[in-house]
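These notes concern the structure reproduced below.
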Amino acid sequence: MKPVIGITSQPTSVENASGMLDSHLIGHTYTDSVLRAGGIPIALIPVPDHEIDHVLDRIDGLVLSGGGDVEPHRYGQDRHDATWRTNFDRDEFELALVRAAHERKMPVLAICRGMQVVNVAFGGSLIQDIPSAIGSKDHDVIGHAVYDGHQPVTIAADSKVAKATGETDMLVNSIHHQAIDRLAKDFRPVAWASDGVIEGIEHEDEDWELLGVQWHPEFLGDNFDVPSQRLFDAVVEQARGYSDPES
C-alpha cells in the first residue's frame with residue numbers, strides 16, 4: 001500500500017458565499033510533490049494535544065509545511081516589529097506534533113517554518129528578522145522567482161539532506177525573513193547559505209529520519225528540479241519502511 005503523508009496546513013481566509021471564511025490551506029505544490037513521490041497526501045489541521053496520537057496513528061510520514069512566523073514567546077523572546085502572521089493554534093499543534101513524531105521515530109520533512117518549528121519544539125531559538133539581525137537581504141525573494149533556484153547553499157557531505165538530494169551544493173529558493181539562531185540540543189546544522197544562515201538540520205538520533213530544510217523544495221520540484229523532488233521521494237520511501245518494516 002502507498003504510504004500516507006500528513007501535511008500541516010496554514011490558517012488563511014478565503015472568499016466564500018458568506019463573505020470571508022477562516023480556512024486551512026495546503027498549496028498544491030506540497031500535495032503534487034508527495035503524489036509524484038508515490039505517497040498519498042492528506043491535510044492536517046490543528047487538533048487538541050490529546051488527539052495527536054490518533055492523528056499519527058493514521059499516517060506514515062509527516063511534512064511540516066511553511067507559512068507564518070512562530071510566536072516569539074515560545075522561544076523566550078519579545079516580539080520584533082517584523083514578526084507577523086503568527087497563529088496560536090497552529091504553533092500549539094505543530095510543536096506537540098513534531099515532539100510526538102520524534103517519540104515514534106516517524107519520518108519527517110520539515111520545510112522553512114517547519115524547520116523552525118522543529119528547532120523551537122526542542123528548545124532552540126530563532127532570528128526574528130534576518131535583515132535587521134545580520135544585514136543580509138538575500139533570503140526573502142517572492143513572486144514567480146520561488147520556482148527557480150537563486151541562492152547558493154552548501155550541504156554537509158555526510159548529511160541525510162545530501163544523501164536524499166544527491167548534492168552537496170545547490171541553488172535553492174529563499175522565501176523567509178526568519179532563521180535558526182540557537183540550535184536545539186541534539187541537532188546539528190547540515191546546510192548553510194553564504195552568509196552563514198543555517199539552511200538544513202538533522203537530529204543526532206540516527207533512528208529518526210528527519211530532513212529539515214529552510215528552502216521550499218515543493219516549488220522547485222514543481223519546476224522539474226530533481227534534487228528538490230528527491231527530498232519528497234526520501235520521506236515517502238522512509239514512510240514506506242516505517243509503516244511496513246519488512247518492505
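Every number in this text was worked out from the coordinates using simple rules, so none of it is lab data. Everything numeric here is computed off the predicted structure, so don't read it as measured data. Note that we place each Cβ from the backbone using ideal geometry, even for glycine, and neighbour counts take in every protein chain shown.
Within segment 47-76, which residues have the backbone N less than 15 Å from the label spot 7 Å out from residue 92 along Cα→beta-carbon, could you tell me?
Residues passing the 15 Å test: 47-52, 71, 74.
Work out from phi, with θ = phi - 60° and the Karplus expression 6.51 cos²θ - 1.76 cosθ + 1.60, the ³J(HN,Hα) of each residue of segment 151-156, listed in order in whole Hz, and give x for Gly and Pro.
10, x, 10, 9, 10, 4
With both bridge residues required to lie in the chain, what share of the DSSP beta bridges run antiparallel, to the nearest 5%?
If we restrict to bridges inside the chain, about 60 percent are antiparallel.
Taking only C-alpha pairs under 8 Å that are 6+ residues apart, what is the relative contact order of the chain in percent?
Computed over the chain, the figure is 22 percent.
Going by how many other beta carbons lie within 10 Å of each one, how would you line up 113, 99, 90, fewest first?
99, 90, 113
Considering amide H positions built from the backbone, and no H for Pro or chain starts, which residues 5 or more places from residue 110, or on another chain, come under 5 Å of its amide H?
HN-HN under 5 Å from residue 110: 64, 211, 212, 213.
Determine, for 190, 34, the number of other Cβ atoms within 10 Å of each Cβ, and report the residues in order from fewest to most.
Ascending Cβ contact count within 10 Å gives the list 190, 34.
In debye, nearest 20: dipole of segment 4-243 around its Cα centre with unit charges on the Cβ of K, R (+) and D, E (-)?
100 debye
If I take all pairs of Cα atoms in the chain, what percentage of them are more than 33 Å from each other?
Within the chain, distances greater than 33 Å cover 11 percent of Cα pairs.
Extending each Cα 7 Å along its Cβ direction at residue 84 and residue 163, get the distance between those two points in nm, one decimal.
Label-label distance for residue 84 and residue 163, simple model: 4.0 nm.
What number of lysine-lysine pairs in segment 4-243 show an alpha-carbon separation below 20 angstrom, given a sequence spacing of 8 or more or placement on distinct chains?
So the count of such lysine pairs works out to 4.
Among 69-76, 197-204, what's the highest-first ranking by average C-beta atoms within 10 angstrom per residue?
Ranked from most to least packed, the peptides come out as 197-204, 69-76.
State the extension gain, in nm to one decimal, for the chain segment bounded by residue 171 and residue 17, taking 0.36 nm per residue of separation less the distance between their alpha-carbons.
51.2 nm
5 Å is the cut-off here: which amide hydrogens, built 1.01 Å from N in the peptide plane, fall below it relative to residue 179, excluding neighbours closer than 5 in sequence?
Residues meeting the amide H criterion: 127.
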